[in-house]
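Everything below concerns the one structure shown next.
The values are calculated or read from the model by the stated rules, or taken from the named source; none is laboratory data. Predicted model only: the values in this text are computed from it and were never measured. Glycine gets a Cβ as well: all are built from the backbone with ideal geometry, and neighbour counts include every protein chain shown.
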Amino acid sequence: MTVTSAAAAPGAPGAAEPDEVVFRSDVTVELVKALASDADVIAAARVSTAGEQSVAALDEDPARSAGLVRYLMRDRHGSPFEHNTFTFLISAPIFVFREFMRHRVFSYNEESGRYRQLAPVFYEPGPDRNLVQQGKPGAYTFVPGTPEQHALVTEETRRACLQAYASYRAMLAAGVAREVARGVLPVATYSSMYVTGNARALMGFLALRTKREHAAFPSFPQREIEMVAEQMEEHFARLMPLTHQAFEANGRVAP
C-alpha cells in the first residue's frame, strides 16, 4: 500500500484508491441545497398578526425587518427560525460524527460500512493542532505540543491505521462480511454524511460547537468538530445575514 499525506484532500473520502492510504488533517462541508432566507423568518413571525398577508418583501422596510429578527432572537421566539432548511454533505473522521449525532435536532444519513468497502482515508492531527490539555473539565485549555510529541502522534497514528486497514483488507479477502471486518477500523477513519436541519437547530449546534470569547455561555468544543461548525456557519451567515447578526448580538444563544 502507498501512503499519501493530504492536508486538504478534495472530494469525498471514498475517492482513495484501494491500495492508496491517505492521511488528512482537514474536514470538508458542502452545502448541497438550501431553502433559507431572512424573509422566511419574517414571514413566519408576521403570520401570527397579519395572517395570509404576512408574506412581504424583505426590502420593503429593511430597518423594521432587521429589528423584528433581533426582537425574535432576544426574546427567544424560536419557531419563526424553523421555516427553512439546509442540507450539508460533510466529510470528517468518525469520531467527529459520534459527537455530531448527539445533536438530535438534525436528520442524518451516513456512509455505511455494511454495504460498501470503506476507503483507507484517516485523520492525523496537523502541525497546528494543539496536543496538550491543561486544567480540568469546564476550565481547560489546549496548548501546542513539543516537536517530539507531534512526531510521536504522527508515527503512532499511521502505524495503528495502517495495521488496522491491513487487517480489514485481509478479512475481506478471506470472504468475511464487510459489517464484521469493519470492526477493526479506528475512529480516525473518514466517513461522509448528509446533515439536514433548520436555522434554529443550526444555531443551537453552533453555540455548543464553537468557542467564541463574546459568547454568553462558554463552550469547549473539540477542535475537529469546531472545524466542521465553522464551515457550516459560513454558509448560514451568507444565506441568512440578519439572523446570523442577531445570533451574534444575542451572545450566540439560540432562540
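Points to keep in mind about this one:
- Test for A139: is it out of contact with any Cys (no Cβ under 6 Å at 6 or more places or on another chain) and over 23 Å from T210 (Cβ atoms): no
- Taking the stretch 204-222 as the range and being exposed (fewer than 14 other Cβ atoms within 10 Å of the Cβ) and within 19 Å of M101 (Cβ to Cβ) as the test, only Q222 passes.
- Candidates are the residues of the stretch 235-244 that are in contact (Cβ under 8 Å) with a residue 24 or more places away in the chain and part of a helix (DSSP H, G or I); the one that is surrounded by the most Cβ atoms within 10 Å (Cβ to Cβ) is T243.
- Screening V228 with (1) under 30 Å from A66 (Cβ atoms); (2) over 13 Å from the mean Cα position of the chain (by Cα); (3) surrounded by 19 or more Cβ atoms within 10 Å (Cβ to Cβ); (4) not polar (S, T, N, Q) gives one miss only, at (2).
- Flag for L118 being out of contact with any Cys (no Cβ under 9 Å at 6 or more places or on another chain) and surrounded by fewer than 15 Cβ atoms within 10 Å (Cβ to Cβ): no
- In the stretch 1-24, residue nearest to N130 (Cα to Cα) [restricted to those that are at pLDDT 75 or above and buried (at least 19 other Cβ atoms within 10 Å of the Cβ)]: R24
- Residue within the stretch 40-63 that is surrounded by fewer than 15 Cβ atoms within 10 Å (Cβ to Cβ), part of a helix (DSSP H, G or I), modelled with pLDDT under 95 and of a type in the set (V, I, T) present: yes
- Enumerated strands (runs of 3 or more DSSP E) restricted to the stretch 101-182, each holding at least 1 residues that are charged (D, E, K, R): 107-110
To keep it simple, each residue is scored yes or no on (1) touching a residue at least 60 places away in the same chain (Cβ under 8 Å); (2) within 27 Å of S112 (Cβ to Cβ); (3) within 16 Å of the chain's Cα centre (by Cα).
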{"position": "V180", "(1), (2), (3)": "no, yes, no"}
{"position": "S191", "(1), (2), (3)": "yes, yes, yes"}
{"position": "L206", "(1), (2), (3)": "no, no, yes"}
{"position": "R212", "(1), (2), (3)": "no, no, no"}
{"position": "A216", "(1), (2), (3)": "no, no, no"}
{"position": "S219", "(1), (2), (3)": "no, no, yes"}
{"position": "E224", "(1), (2), (3)": "yes, yes, yes"}
{"position": "F247", "(1), (2), (3)": "yes, no, no"}
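- Residue selected from the stretch 133-152 under the condition surrounded by 11 or more Cβ atoms within 10 Å (Cβ to Cβ) and at pLDDT 95 or above, by the criterion nearest to the chain's Cα centre (by Cα): H150
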